[in-house]
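Below: one structure, written as structure tokens.
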Amino acid sequence: MKKSLAARQCRKYVSLVLLLFGFLCLSMQARASIPSPEDFFGFKMGTARHIARWDNIVEYFYVLEKNSDKLKVVDMGPSTMGHPFLVVFISSADNLNRMNELQSINARLSDPRGVPEEEIQTLIQKGTAVICQSMSLHATEIGGTQMAVELTHDLLTGEDDETLRILDNVMFVMIPSFNPDGQIMVTDWYRKTVGTEYEGSNLPWLYHKYGGHDNNRDGDFLNMIESVYAAKIMFRDWIPQAYIDHHHMGSYGARFYIPPYCDPIRPYADPLVWREHSWYGAHIAYKLEEEGKQGILNAAQFPGWGHFGWHWITPFHNIAGMLTESASAKLATPLYIHPEQLQAGARQFPRYEAQSTFPNPWEGGWWTLRKIVEQKKISAWALLDLAARNRETVLRNAYLKAKRQTERGAAGDVKAYIVPAVQHDPLTAVKMINTLLLSGIEIHQAVGPLTVDGRMYAAGSAVISLAQPKMGLIRNLMGRTFYPDNEWTRAQDGTPLRPYDLATHTMAEFMGVRVDPVVAPVQGDLKIITDRIAIEGRVDPVGPVYIVDGRQNAAFRAVNLLTKAGIDVFRADSGGEGFLAGDFLVESKEMDVIKKVAAQTGVDFKSFPAFPEKGHTVKPPRIGMYQRYYGGNMDEGWTRFVLEQFNFPFASLLDEEINKGGLNKKYDVIVFPHDSTNMIMGNPTGRYGRSSESVPPEYRSGLGTESLNAIKEFVRSGGTIVTLGGACAFAIDKFDLDVRSVLDNLTSKEFFCPGSTLRAEFDNTHPLAFGMPDDGCVVFYSGMAFEVTPGQNSEFYETVVRYKKKDILQSGWLDGEEFLSGKAAMIRTQFGKGRIVLIGFRPQNRSQTHGTYKLLFNAVMR
């Protein structure tokens, strides 16, 4: 009997051993079928003079997905230039099999309104931490994307306790390249120049078709399709508890910046977010020091109040949005750095020597892409590791942040923002609402009239309650904001420290949309807006003439579509009964085309008895957009994007074509986007600054004497040039205009206005301001203000926009208001038979300032 029992137990143990052995063999077989990056690409990630290209990286991820049950690849759709935009989910096989359940749990913890308190702990126990990391948004910052494939391989093949804990407790959502188009451009450029004297030089043009480096300033307006994809993942579908955006910085400071940010911080985020930054950052710093990495800096250089790109806007989505910045090599070429070349001087990093946030300075030597890959991988892994070790804490904090922000919004001094249905440009107001919806903000619409704070609001008005988890985001986008003026934002001698980008990101002010803060709870018949508002323009029954409201930005798109279809469009030059100066009119012919345009643009075509007496027929504009090299001009890219969105025909105009002369044969208007005179004239500064010889001869641009004479002849012969922002200085100087820039030679202690909304008056009787309100906001960002100086032809100069005389600041930071008081912000003057338009601010800045678009549109429309 005992022998029989022993035999059965023996067989049982043998079976168990065989089973475990089988599992082990299967596991080893699975790992063996997963190629390493080195085997797949033929080199180790970060190897000098080697960059893996995006199409091959995409192929690699699909190979990993085929051979592993721990990875799921999602193609969100084509990028701006048609390449796949991937999001990669990495977790245990069990977690990936129940993604829908985990997504639902995450959504309820991220917005716990209506969830009983007793259910929260159950959700926490069943859920996983959701961690997102994105790579190489700025395409020349190549380390993130190169690191991503190695990080993924390690997660899929690791069998140690730490790796398994991450896979079991974390849903890792990775964007391996935030800018696939740029990754391909930069890789191809590097391969073209490697082995030449230009090896390691930067791309001569923008590394995103439109935004260039500014693609990191699009986390609020979501203009680029890549931003739309990221917002869908992070702001609506999988709101992560923590997020890191992996970047590079300059070569001659710290080796690696990691969280947390330094001061100042932007208001209205939940305090837990800032504590989480320190928590995660400390773990990342510890792991980097543990691995012997030197030159690690945190809590310095990058402030908590930055632009509203991805790592700086996410805290207001209750996400611990963070940033890493590696010192750069020369793309994939090693860079030698001498000790005396190492510098500090950034915020809260005064000297290049040891301090509590920089305890282990790097002493110089060769700096390589491999070192960048290694430190980025350590930081990315450390974030996953801490979240895995503290899954329940991470999830409880997600719940607490959402709950407390909702409570703060309900109890605050402002209860809601109302977007009235009656607007100067109602279609732009709708666009703003649709943009907010993309960020996961809850918005209601009034079914009938409302009365709030003693004001009447028509049916259709939008109500944005602050009693919701994204309260902090709403307050920053909708309400007036003022950049702090304190010890953190001034040097010891009182000199103001420039914010990291703009001093305000008040969307409503940028877009020219009226938004009212209300202090009383909004009560009435409201319905939630569940999807984007789609507006199809109405076309009245056939009358002799149709009129289109010229106060709408979309009216210009409608006109461009109509003229392209061969339909004549008439524009009123002055107002009268039932119409305003700048309104557009068409005959009630080609009804199929008119109805199609109304559907496309949302504008209404209203019956009107006859054409006004005073007006002119609109001619399709022939626009040349000046384009240069030396890394490209982001403002030029955004201007192209805006014109394309409104169907303005244009062509890019480079030096070679200008030098040929005869510009009037092809163009009526030439636009010079915001730029310095040095860059326009081919004297590059900044990162290309030592000389134009840092790039191949065919990519050296600049207006010489010949091309400048061709542009002057173009204007003398009847053409128009439109200069934006800093490019106005080029026109004033080179055309010897009787205009003075009143801000020249002022110190920052005398005048300082870093990216703010300023109040201005628009002369809407002037053709260049047709359709504008009497007053409103302009975004002043490295802008100019003008005085007309005494001269023989003062009558040639017309002021279109002026700054208010007092109380000029709407949001942001302004010192030295007296220097702007009553000064011109936009001027038009004659030059020969042609005209020069100076717009001292950027009316189309980053495709965000819809409130001043019409100033540009009027300037280029004939």
- Message: Quick check on the stretch 190-212: of everything there that is assigned to a helix (DSSP H, G or I) and open to solvent by 10 Å² or more (accessible area, probe 1.4 Å), which residue is nearest to V73 (Cα to Cα)?
- Response: R191
- Taking the options Q355, Q341, Q423, Q405, name whichever one is touching a Lys or Arg at 6+ places or on another chain (Cβ under 8 Å), of a type outside the set (K, R) and over 21 Å from H317 (Cβ atoms). Q423
- Message: Condition first: touching a Phe, Trp or Tyr at 6+ places or on another chain (Cβ under 9 Å) and in a strand (DSSP E or B). Now tell me which residues in the stretch 480-490 satisfy that.
- Response: F482
- Query: Before we move on, is D237 in contact (Cβ under 8 Å) with a residue 24 or more places away in the chain and buried (at least 20 other Cβ atoms within 10 Å of the Cβ)?
  - Reply: no
- Go through the stretch 64-103 residue by residue and tally those that are open to solvent by 60 Å² or more (accessible area, probe 1.4 Å) and polar (S, T, N, Q). 2
- Quick check: is even one residue across the stretch 465-479 outside any strand (DSSP E or B) and open to solvent by 50 Å² or more (accessible area, probe 1.4 Å)? no
- Task: Could you grab me the full set of residues in the stretch 368-392 that are open to solvent by 10 Å² or more (accessible area, probe 1.4 Å) and more than 30 Å from G127 (Cβ to Cβ)?
- Result: T368, R370, K371, E374
- Working carefully through the options D635, D744, D675, find the one that is part of a loop (DSSP other than H, G, I, E, B), among the charged types (D, E, K, R) and buried (at least 18 other Cβ atoms within 10 Å of the Cβ). D675
- Kindly indicate whether any position in the stretch 205-218 is of a type in the set (A, V, I, L, M, F, W, C), touching a Ser or Thr at 6+ places or on another chain (Cβ under 9 Å) and modelled with pLDDT of 95 or more. no
- Complete set of residues in the stretch 828-862 that are touching a Phe, Trp or Tyr at 6+ places or on another chain (Cβ under 8 Å) and in a strand (DSSP E or B): R828, T829, Q830, F831, G834, I836, L838
- Filter the stretch 261-288 down to the residues that are in contact with a helix residue (DSSP H, G or I) (Cβ under 7 Å, 6 or more places away or on another chain) and open to solvent by 20 Å² or more (accessible area, probe 1.4 Å), then identify the one that is farthest from P484 (Cα to Cα). K287
- Message: I'm checking my understanding of the structure. Among residues of the stretch 591-632 that are in contact (Cβ under 8 Å) with a residue 40 or more places away in the chain, of a type in the set (A, V, I, L, M) and not in a loop (DSSP other than H, G, I, E, B), which one is surrounded by the most Cβ atoms within 10 Å (Cβ to Cβ)?
- Response: V597
- Answer yes or no as to whether R498 is of a type in the set (K, R), open to solvent by 20 Å² or more (accessible area, probe 1.4 Å), in contact (Cβ under 8 Å) with a residue 60 or more places away in the chain and under 22 Å from D263 (Cβ atoms). yes
- Task: Test T723 against the stated conditions and say whether it is in a strand (DSSP E or B) and either within 16 Å of R828 (Cα to Cα) or in contact (Cβ under 8 Å) with a residue 12 or more places away in the chain (or both).
- Result: yes
- Pairs only if they're at least six apart or on different chains, beta carbon under 8 angstrom, first in the stretch 420-447 and under 22 Å from G409 (Cα atoms), second buried (at least 20 other Cβ atoms within 10 Å of the Cβ) and polar (S, T, N, Q); list them, first residue then second. P420/S461; I441/Q468; E442/S465; E442/Q468; H444/S465; Q445/S461; A446/S461
- Task: Would you mind finding the one in D161, D181, D154 that is farther than 18 Å from F89 by Cα and surrounded by fewer than 18 Cβ atoms within 10 Å (Cβ to Cβ)?
- Result: D161
- Please tell me if Y229 is open to solvent by 10 Å² or more (accessible area, probe 1.4 Å), assigned to a helix (DSSP H, G or I) and within 30 Å of T393 (Cα to Cα). yes
- Message: If I ask for residues that are in contact with a Phe, Trp or Tyr (Cβ under 9 Å, 6 or more places away or on another chain) and under 16 Å from T333 (Cβ atoms), which ones from the stretch 48-64 would you list?
- Response: R49, H50, I51, A52
- Item | Pairs with Cβ under 8 Å, 6+ apart, first in the stretch 350-367 and of a type in the set (V, I, T) and in a loop (DSSP other than H, G, I, E, B), second open to solvent by less than 50 Å² (accessible area, probe 1.4 Å) and at pLDDT 95 or above | T357/L297; T357/N298; T357/A299; T357/A300; T357/F349
- Query: Taking the condition crowded, with 18+ Cβ neighbours inside 10 Å, of a type outside the set (V, I, T), without any contact (Cβ under 8 Å) to a residue 60 or more places away in the chain and part of a loop (DSSP other than H, G, I, E, B), does A300 pass?
  - Reply: yes
- Return yes or no: is T333 open to solvent by less than 10 Å² (accessible area, probe 1.4 Å) and under 27 Å from R475 (Cα atoms)? no
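The values are calculated or read from the model by the stated rules, or taken from the named source; none is laboratory data. Computed from a prediction, not measured in an experiment: that's the story for all the values here. Methodologically, a virtual Cβ is constructed for each residue, glycine included, from the backbone with ideal geometry; neighbour enumeration extends over all protein chains shown. The area values use the complete protein model at the heavy-atom level, side chains included, leaving out ligands, DNA and RNA. Shrake-Rupley method; radii C 1.70, N 1.55, O 1.52, S 1.80 Å.
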